[in-house]
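Following: one structure in structure tokens, then a few remarks.
Nothing in this text is a laboratory measurement; each read-out follows from the coordinates by a stated rule. Just so you know, these numbers come straight off a predicted model, no measurement behind them. All Cβ positions, glycine included, derive from the backbone under ideal geometry; neighbour counts span all protein chains shown.
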Amino acid sequence: MTTAMQKKTKPDNPSKVQDAIALLRADHKLVSTLFAEYEKTRSNSKKKALVSQICMELNVHTQVEEEIFYPAVKQALKDKEMIPEGLVEHATLKELIRQVEGIEPDGEMFDAKIKVLSEYVKHHVKEEHNEMFPQAKSTNLDMIELGGKIVARKKTLLIERA
């Protein structure tokens, strides 16, 4: 077997699990990009598709945070404030998602709900990036192990929602 053929049989990018915080940050970046696309478009069909993707991404993201990341961080930090606040913010996000998910974009009230959802997500993300993630990094949590759990759970959730 030649070297070129051997290279072709090996995966181009071996599956390397990222740490949990890197994965969550990537989710945040993706959703931010989707919101920016929404703001630029005037097409109702494109708006509907973007909102569908935003809602799916946020639903999966909040679920893996609530099931995997938040409990680990809460226990490691013995936190009684930051994680409960994050959970309350998630509940508000879920209510906004419920109001727009599967609904036809129908003008200014729909756009206003997406704008508020976007601003709320930005606020939540800022708190995670500036407070929760740095504190989580300071613990002895294995972020690679948590990342592996997050990846596996996201795969399952995405299959269930397909």
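Classify the chain: rounded, prolate or oblate, from the alpha-carbon gyration tensor (a ≥ b ≥ c, eigenvalue square roots; a/c under 1.5 rounded; otherwise prolate if a/b is larger than b/c)? It comes out oblate by the Cα gyration axes.
Out of region 81-131, which GluC sites (Glu not before Pro) are coil in DSSP terms and have no more than 10 other C-beta atoms within 10 Å? Sites meeting the loop and neighbour criteria: GLU81.
Using only the Cα atoms of region 68-133, build the gyration tensor, take square roots of its eigenvalues as a ≥ b ≥ c, and label the shape rounded, prolate or oblate: rounded if a/c is under 1.5, else prolate if a/b is larger than b/c, else oblate. Let's see the in-between values first.
Working: a/c = 3.76, a/b = 2.49, b/c = 1.51.
Note, shape of region 68-133 comes out prolate.
Compared with the direct C-alpha span, the chain from ARG25 to GLN63 gains 12.2 nm at full extension, assuming 0.36 nm per residue. Per-residue ellipticity at 222 nm, computed for the chain from helices alone with -39500 (n - 2.57) per DSSP H run of at least four residues, works out to -24000 deg cm²/dmol.
A simple spin-label model places the labels of ILE103 and ARG161 1.8 nm from each other, with each point 7 Å out along Cα-to-Cβ.
Got a sec? How would ILE54, ILE144 order by Cβ neighbour count within 10 Å, fewest to most?
Working: ILE54 23, ILE144 14.
Taking fewest neighbouring Cβ atoms as first place, the list is ILE144, ILE54.
In a DSSP loop and with at most 12 other Cβ atoms within 10 Å, the trypsin sites (Lys or Arg not before Pro) in region 30-60 are ARG42. Cross-link check: pairs LYS47/LYS113; LYS40/LYS113; LYS40/LYS154; LYS94/LYS155; LYS40/LYS94 evaluated at a Cα-Cα cut-off of 18 Å; pairs beyond the cut-off: LYS40/LYS154; LYS94/LYS155; LYS40/LYS94. In loop segments of region 75-118 as defined by DSSP, the trypsin sites (Lys or Arg not before Pro) with at most 16 further C-beta atoms inside 10 Å of their C-beta are LYS78, LYS80.
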